Amino acid sequence: MAEYKLAVIPGDGVGPEVIAEGRKAIEAVVRGSADLSFDYTEFPWGSDYYRETGRLMPEDGLEQLGAFDAILFGAVGDPQIPDHITLNGLLLPMRRAFDQGVCIRPSYLYPGVASPLAGKQAGEIDLVIFRENTEGEYAPVGGRLYPGTGYETVVQSNIFTRRGTERIIRAAFEYCDRRDGYNKVTSVTKSNAQAFGMVFWDEVFREVAAEYSHIQTESLLVDRACMDLVRWPEDFDVMVASNLFADILSDIAAVVSGSMGLAPSANINPERQYPSMFEPVHGAAFDITGKGIANPLATVSAVAMMLEHLGRPQEASRVDQAVSQCLNERSVVTPDLGGSATTAQVGDEVARLLEQG
């Protein structure tokens, strides 16, 4: 019997709502498996915890999480707390402390889902974005000089290491190499304007690409990449970009594929020295919090990515198939996809599909 220790952090906004449905999917998978179980520990960290303690998580929070096999995360954020406090108090520290340098964000146009782009058919949009996840533009390097005066000066530095840059680019090529139907890796930078960090990225990309001569490559400036994602998303297989650029690109990719509610994310520690983290891309979604209409399928798909990472590809495939069937049948979908089902009803439907095989 394989038992995995899973840390569950529902967090803020719709996080608790969608995490509850992700757990339903896990439990349905476990019921259908003879040799799989999960030991859950739920942590009440986030904005409410911050209001009580002045911290998003306790001082030894990262030490507590380090003992787990994986982390299932909902969202962080609160309308009454500045985003830079919430993000830097919980999510980003986990990514850095656990060296989760490879962020994987797939985008797929499912049967039964309409793209806002005219004429796009199911399966035509099928791409994966690899995001450098621990440094780049989000590195906490900088500061303020003479704050509150007319001479106030602010410095925010981008940090690109050879290790981090090569690791994410190589991960993108490795993924493309083993994925059926994929044959191109697109690197996205702004090296015409950023002559140090982005030029360095381009150099490393060319060095790694030379080892994969059978894979087609292209390099795009980020503004061109954003345009092409809207004009011709079917032209992309794997995209690889820095922390900031890939963050923006993955939101565009999610929307052109039908809904932010379908976008999962895996934050991977490739060396497996620390737990990896799995989450929906959509964030806290304050506007629909508490209404029971958040789409939980991004979280369910993140569960599939977690199972794949834990070495359970058959179970991961079952979850992916249940998501696809739920969307294709369209009898139980949330309002973002034109339906009227609640978050819990969609979670129940996925669990039913998993149990019926």
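The values are calculated or read from the model by the stated rules, or taken from the named source; none is laboratory data. Note that the structure is predicted; figures quoted are calculated from it, not measured. Heads up, the Cβs are rebuilt from the backbone with ideal geometry, glycines too, and the neighbour counts pull from every protein chain shown.
So the values come out like this:
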| read-out | value |
| --- | --- |
| Residues of the range 224-277 satisfying the condition of being part of a strand (DSSP E or B) and hydroxyl-bearing (Ser, Thr, Tyr) | Ser265, Ser276 |
| Complete set of residues in the range 190-223 that are assigned to a helix (DSSP H, G or I) and of a type in the set (Val, Ile, Thr) | Val199, Val204, Val208, Val222 |
| Within the range 97-145, considering residues that are basic (Lys, Arg) and under 15 Å from the mean Cα position of the chain (by Cα), the one farthest from Gly181 (Cα to Cα) | Arg131 |
| Candidate set: the range 25-37, residues that are surrounded by fewer than 22 Cβ atoms within 10 Å (Cβ to Cβ) and touching a residue at least 40 places away in the same chain (Cβ under 8 Å); chosen: the one farthest from Met1 (Cα to Cα) | Glu27 |
| Residue in the range 194-203 that is under 28 Å from Ala294 (Cβ atoms), surrounded by fewer than 21 Cβ atoms within 10 Å (Cβ to Cβ) and charged (D, E, K, R) present | no |
| Restricting the range 278-301 to residues that are out of contact with any helix residue (DSSP H, G or I) (no Cβ under 7 Å at 6 or more places or on another chain) and assigned to a helix (DSSP H, G or I), the residue that is nearest to Asp12 (Cα to Cα) | Phe286 |
| Within the range 83-189, helices (runs of 4 or more DSSP H) holding 3 or more residues that are crowded, with 16+ Cβ neighbours inside 10 Å | 92-97, 162-178 |
| Residue ID - farthest from Glu52 (Cα to Cα), chosen from residues in the range 72-82 that are in contact with a strand residue (DSSP E or B) (Cβ under 6 Å, 6 or more places away or on another chain) and in a strand (DSSP E or B) | Leu72 |
| Condition check for Val303: in the same structural domain as Gly74 (by TED's automatic domain parsing) and under 25 Å from Leu87 (Cβ atoms) | yes |
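Residue-wise test of (1) small (Gly, Ala, Ser); (2) at pLDDT below 95; (3) within 24 Å of the chain's Cα centre (by Cα).
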site	(1), (2), (3)
Ala2	yes, yes, no
Pro10	no, no, yes
Gly13	yes, no, yes
Pro16	no, no, yes
Ala20	yes, no, yes
Val29	no, no, yes
Ala34	yes, yes, no
Glu63	no, no, yes
